[in-house]
Amino acid sequence: MKFRTLQIVAALGAAVAFVLAFMAAGAALLSGLFMLIGLAAVGWLAYSLIKGVLGRDRRAKPPARA
C-alpha cells in the first residue's frame, strides 16, 4: 500500500497533536499539584493564626521584675 502525501501530513499532524496533548496534561497535573500545595500552605497559615488568636489570654500579664 502506497501512502499519499495527505496521509503522511495527517499522520505527522496527529503525532504533533498527541505530543502536545501529553505536554498539556503534564502541565495541568503539575499546576494542580502546586495549587494543592499552595492551598495547604494557606490553610496551615490560617489555622495557626486562628489558634494563636484564640489561645492567648484576654488579660495582659504584668511584666516580670528582676
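The values are calculated or read from the model by the stated rules, or taken from the named source; none is laboratory data. If you're wondering where the values come from, they're calculated on a predicted model, not measured in any experiment. So basically every Cβ, Gly included, is an ideal-geometry build from the backbone, and we count neighbours across all protein chains shown. Calculation scope for accessible area: heavy atoms of the full protein, side chains included, ligands and nucleic acids excluded. Shrake-Rupley method; radii C 1.70, N 1.55, O 1.52, S 1.80 Å.
With the other protein chains left in place, how much accessible area per residue, in square angstrom, belongs to the chain at a 1.4 angstrom probe? Each step should come with its number before you reach the end.
Values: 6610 Å² over 66 residues.
In whole numbers, the chain has 100 Å² accessible per residue.
Using a probe of 1.4 angstrom, how much of the accessible area of the chain is carbon and sulfur, in percent? Show your work: numbers first, answer last.
Working: 4930 of 6610 Å².
C and S atoms contribute 75 percent here.
Can you tell me the dipole magnitude for the chain around its Cα centre, using point charges on the Cβ only (Lys, Arg +1; Asp, Glu -1), in Debye to the nearest 20? Spell out each step's value before the answer.
Numbers: 8 positive and 1 negative charges, 99 e Å.
Here the chain has a charge dipole of around 480 debye.
Evaluate the Kirkwood expression for the hydrodynamic radius of the chain, namely the inverse of the mean inverse distance over all pairs of different C-alpha atoms, and round to one decimal in Å.
On the way: mean 1/r = 0.0565 Å⁻¹.
Value: 17.7 Å, from the Cα pair sum.
Taking the Cα centre of the chain as the origin and placing charges on Cβ (Lys, Arg +1; Asp, Glu -1), which of Q7, F22, A40 is farthest toward the positive end of the dipole?
Result: A40, furthest along the dipole toward the positive end.
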